[in-house]
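For reference, the structure discussed in these notes is given below.
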Amino acid sequence: MRMAELVMGLVMGIFSIYLMWKSAELPIGWIAGEGPGGGAWPFWLAAGMLCSCVAIIFRWAKHVTPESQSDSPFMDRRSLKLFLLNAVAITVFIGLFHIVGAYGAIPIFLIFYLRFMGGHSWGLTSAFALSTPVITFLFFEIALQKTLPKGFTEPLFLPIFDFFY
Amino acid sequence: METLTLLIDGFAIAFEPLNLVLVIVGCALGLFIGAMPGLGSVNGVAILLPMTFLVPPTGAVIFLAAIYYGAMYGGAISSIMLGIPGASTAVATTFDGRPLALKGLADKALVAAATASFVGGTISVILFTLFAPPLAEVALTFGAPEIFALMLMAFATFVGLGGDDIPKTLFSICIGLVFGAVGLDIISGEPRLIFGGLPGFFHGINFLVLAIGIYGIAEMLWTIEVSQGEVMISQASVSFKRILANLRELKLTLKTMVMGSFLGYFVGILPAAGATPGALMAYGLAKTISKDRESFGKGNVDGVVAPEAANNAASTGAMLPMLTLGIPGSPTTAILLGGMVIWGLEPGPLLFVEHKEFVWGLIASLYAANLFSLLINIAFIPAFIWVLRLPFTILAPIIFILCIVGGFVPTMDMHDVWLMLIFGVVGYLMRKLNYPMAPAVLAIVLGPLAEPALRQSLLISGGSFSIFFTRPFASVISVLALILLLLPVAKLLYEKYLK
Amino acid sequence: MKKVSTGVLSLGLVLSLCFGFSLFTFNSAIAWEPKKPVEFIVMAGKGGGADKAVRFIQSIIAKNKMSSKPYTPINKPGGSGAEALVYVKNAKDPDHTIMFTLNSFYTTPLRQPGLGVDISKFTPVGRMAEDTFLLWVNKDSGIKNVDEFVKAAKAAGNKWIMAGTGKNSEDNILTDFLNKAYGLNMKYVPYKGGGRVAKELAGNNANSTVNNPSEQLGFYQAGKTVPLGAFTPKRLPLFKDAPTFKELGKDFVYFMQRTVVGAPGMSAGAKSYYQGLFKKIFDSSAWQGYMKKKSLQGGFLTGDALMSYWMREKAVQKAILQKMGALK
């Protein structure tokens, strides 16, 4: 935990500096008769972030916060495994949106999650994996007319659209 | 008294069979749309707008108003049940609504939210009826300095929101404000903070992307870790007897509801403010005046009713500048305004004179929508509770899917979904280190309102800050805001040096 | 493992079946028609003038059943339209992507050459209207004509506030013109959207604006604001008392185009379909009524005529921007 507190403080400090640098693409100073320039608001707030990070690291060094006193690991093995498993699953899920589209990705994600992470029966899994995309389609595409990404499955939907409109 | 007769006529219109059906269908649809994370009243109204040409203009606006109201109620559902604010107006509802649900008191929070919304709606309709024309004049004189002063006050009421760790709270506020600045700088007309030159940053970072990332993905990852992927999310049970008991208990919060309603209404009237600042200020005020300040953020019913009363009151308030001035007070009223143009009505000062039946029919149907939203909402509470009792391994993937689809729909851009994932993962790691995240979400909502107002004011005054203290409304609000901002500092100094 | 592979196999079978089916429907079509909901991109935010027009067009299409598929408006206001331009330029399905444009269609690619947007690559569908601009003041100011305006603005120097819709926008161009033509030193304060600008004038938080008629109409009818002059070739029927700047001896005419643009690479069939559709919309009584009420000008333009109109306008805008110093 103590290590993580320092690393987060440092990473966010570096990120603040990046934001300050990026904000400085526009004038960050005071323009006479006009007020602050276009980059001033984000620049000085990013500077505020940097100051906060310095304070966080300072407090870390002085062992003020509970996190900086704690010796317990930031994540135990089991938490890390769960976190990685979920984070990677969502990342792959979002990635699949680009390839097989929403209606391919949703069943794949549900099958993975319900069957392999949740250990539910195939019956329940397939019920959810089949009904969720159908409900999503009817709600978003037909009722709300919001098109979700379809990837290469796009041509499959043309006859469905013909049917509904 | 003339307005009263007009209102009664309005009710006659609202309760015509067709209009009544439209109100009920609209409320139910709105409730459903609002309860989805990522979809709020703006989406509901915008999406269903083209369907309204099937009915006469009055029926059409009644339908849209019902969706608007239903979605406002629905926003609270997603805040309480999933901990994800469905729209910026419902952010403050998560602060205490979510802890209540986690304690197994979801029904209490839902009943409180629905009732408070109803009280807020009722009070605001009364205020609307009484003071519409004079308030419109006041709203008109509100310029950039007044809006900035108001934003300052919204921040000031929220100073105490974060955790005890001041540098981390400060960090959270600043990062929210910086992210709010991404996109276009309207004063200089230059794009700014376009990270990596990605076109997705041109439209800025949508509030929902950060909110769903933090309250959706990060929160789920957190719950999964805490429960080690086994425990159910909450053990809520419900019966109508309990709902009635909850309703009776709400008497204690009446004062907060009324306070929230008035505050929400008056902030809602101001052009460009919308319902979000009103809801936040109501929460802050409820906390400040409460005798039991410690329990805020841990599941205090007052913390649910204040913002819910305020955001519903504000949504009626926002109708006022729209109808009388043709100026939308919120994104949703902007769409309604577009709708009125489609139906051939010209919003503006003459609307009250030339289309009385339309205006008062709308007001009356707002009231009817309010009532039906309450009834439908309470009727559905058992269903919502049932959803919470699903095993976590079923609920989790469904919430993830809702988050991702909800992150996509507002801008229809996969860029925002990826951004949301990053916010979720980093937000989770930060949350583990006790960084408070709510201030960042508030800052990303208020920042884009505050910064242009500040710079427009300074442009007008030629760079002098005196503009915030020389105009009557601005000076009063600025002074109040400064007092509120300095109060905690003074308290801190007092405790440190004088005790 | 075995289970998985059968799953994949049957999925493939279903996929190829559906593919065949959809190919079949492709071939059987005679005239081109949209095969799925059409994305109607708006270069501006929700609730603005362009957005209102798009939603109005959407309702005309749906009401008169002019198309078999719905048109879904998508707002991409980012970067003064840069986001919309890049999106449409790279549209995955050019046959189902159209865009409603403003003058930022010319100015944004000129000001941000890094976007790599060449507007001559876009498909000309139809010019629906040209919006007009007028000079407005608050009635309380007592100013009744341009001469009085010039006198008052001169006296106030840079304390005279002109509200507009963004730096280097149409409003800014007109403000610069007025400053130069009359030797004024008005201060330009940008706001988000024309409606907000109109409100700042009516609430006396600005001294003058150059709003479109549709934005000020409500306040004008309520007697809160007055038009002093029009940036049009002829006086507008709705505001007969406002002389054109041409009459006043300053030759300056400025329009805001409202044009529907197709994505680059749109097929010939789709192009002629949309051109026909928007001609029909333009001719509909609903659109004609809308134009009259909003004091919109201009006839329908399409095809090559529209393309040469774009090229002409682009050159004009370029010259103006260069004069302003907004373009290097």
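A short reminder: the numbers here are calculations on the coordinates, not readings from a lab. Here the structure is a predicted model, which means the values were calculated and not measured. Every residue, glycine as well, gets a Cβ built from its backbone with ideal geometry; the counts of neighbours run over all protein chains shown.
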Amide H partners (placed H, <5 Å) of B:GLU190, local residues excluded: B:ASP185
Which order do the peptides B:261-267, C:296-302 come out in when sorted by mean C-beta neighbours inside 10 angstrom, highest first? B:261-267, C:296-302
Using 7 Å Cα-to-Cβ label points, what is the C:GLU148/B:PHE473 separation (nm, one decimal)? 2.7
Residue among B:VAL226, B:PHE148, A:VAL7 farthest towards the positive dipole end of the protein assembly as shown, charges placed on Cβ: A:VAL7
Could you go through the stretch C:251-258 in sequence order and give the Karplus-derived ³J(HN,Hα) for each residue, using 6.51 cos²θ - 1.76 cosθ + 1.60 with θ = phi - 60°, rounded to whole Hz, and x for Gly and Pro? 7, 9, 10, 9, 10, 10, 6, 10
What average count of beta carbons from other chains do you get within 10 Å of the Cβ of residues in C:144-156? 0
Partner shielding of C:184-191, as the mean number of partner chain Cβ atoms within 10 Å, equals 4
Based on the mean of other beta carbon atoms within 10 Å per residue, what is the order of B:108-118, B:185-195, most packed first? B:108-118, B:185-195
Efficiency of FRET from Cβ geometry, B:LEU18 and A:ILE31, R₀ 56 Å, rounded to 0.05: 0.45
What value, in deg cm²/dmol to 500, does the helix sum -39500 (n - 2.57) over DSSP H runs of n ≥ 4 give at 222 nm once divided by the residues of chain B? -23500 deg cm²/dmol
Averaged over its residues, how many other protein chain Cβ atoms are within 10 Å of peptide A:151-161's Cβ atoms? 5
By average C-beta atoms within 10 angstrom, highest first, the peptides B:454-460, C:242-248, A:81-87: B:454-460, C:242-248, A:81-87
Greater than 23 Å separation of Cα atoms is the criterion. Which listed pairs, C:LYS144/C:LYS323; C:LYS151/C:LYS180; B:LYS251/B:LYS298; C:LYS224/C:LYS293, meet it? C:LYS144/C:LYS323
Under the rule a/c < 1.5 gives rounded, and otherwise a/b versus b/c splits prolate from oblate, where does the stretch B:434-499 land using the Cα gyration tensor? oblate
For labels at C:SER272 and C:GLU247 in the simple 7 Å Cα→Cβ model, what's the distance in nm? 4.6
Under a 5 Å amide H to amide H cut-off, with H placed in plane at 1.01 Å, what residues pair with C:ILE74 once short-range neighbours are removed? C:PHE40, C:ILE41, C:VAL42
Amide H of C:MET128: which non-local residues (sequence gap of 5 or more, or other chain) have their own amide H closer than 5 Å, using H built in the peptide plane? C:ARG258, C:THR259, C:VAL260
Under the Karplus curve 6.51 cos²θ - 1.76 cosθ + 1.60, θ = phi - 60°, whole-Hz ³J(HN,Hα) for the stretch B:70-76, x wherever Gly or Pro sits: x, 5, 5, 5, x, x, 5
Between C:ASN158 and A:SER131, what is the spin-label point distance in nm, taking each point 7 Å from the Cα along the Cα→C-beta axis? 6.8
HN-Hα couplings for the stretch A:19-33 via Karplus (6.51, -1.76, 1.60; θ = phi - 60°), in whole Hz with x for Gly/Pro, come out as 4, 5, 4, 5, 5, 5, 4, 9, x, 9, x, 9, 9, 4, x
FRET efficiency, 1/(1 + (r/R0)^6) with R0 60 Å, evaluated for B:GLU137 and A:MET3 via beta carbons: 0.50
In the neighbourhood of C:PRO243 defined by beta carbon distances under 15 Å, the net charge of the other residues (Lys, Arg +1; Asp, Glu -1) is +1
Net charge near A:MET8, counting Lys/Arg +1 and Asp/Glu -1 over other residues with Cβ under 13 Å of its Cβ? +2
Seen from all sides and averaged, what is the projected area of the convex hull of the Cα atoms in chain A, in nm²? 16.6
The stretch B:361-383 to the stretch B:401-437: how many Å between their Cα centroids? 32
Run lengths n ≥ 4 of DSSP H only: what is the helix-derived mean residue ellipticity at 222 nm for chain A, with -39500 (n - 2.57) per run over all residues, to the nearest 500? -21000 deg cm²/dmol
Size of charge dipole - the protein assembly as shown - debye, nearest 20, with Cβ of Lys, Arg +1 and Asp, Glu -1, no other charges: 640
